[in-house]
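The values are calculated or read from the model by the stated rules, or taken from the named source; none is laboratory data. Quick caveat, the model's predicted, so the values are computed rather than measured. Here Cβ is always computed from backbone atoms with ideal geometry, including for glycine, and neighbour counts include all displayed protein chains.
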């Protein structure tokens, strides 16, 4: 379990880095299942989160931060991702 905001932010950065690499190689317009397989390959792990209920899911699974990634965009960092945090994240120490 991650114990500081800094550790969680580093993990999220790595997830986004992998998503950008998958998007760079394959572009937009593919089925979500194809992107899922590609990002699993990049990360070696994947936890699916329903976009309409991400905050509820974060609370239910006791995770402080989640990222929605839309591969059907031209630039993942500018328009293809949105990060969500809950109170659990706010309560963590900042770290080093």
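Couple of notes before you dig in:
- Taking helices (runs of 4 or more DSSP H) as the structural unit, those lying wholly within the stretch 50-96 and holding at least 3 residues that are surrounded by 11 or more Cβ atoms within 10 Å (Cβ to Cβ), touching a strand residue (DSSP E or B) at 6+ places or on another chain (Cβ under 8 Å) and at pLDDT below 85 correspond to 54-60.
- A count restricted to the stretch 1-20 and to residues that are over 20 Å from residue 40 (Cα atoms) and assigned to a helix (DSSP H, G or I) stands at 3.
- Enumeration of residues in the stretch 1-49 that are at pLDDT 90 or above, loosely packed, with under 14 Cβ neighbours inside 10 Å and touching a helix residue (DSSP H, G or I) at 6+ places or on another chain (Cβ under 7 Å): 26
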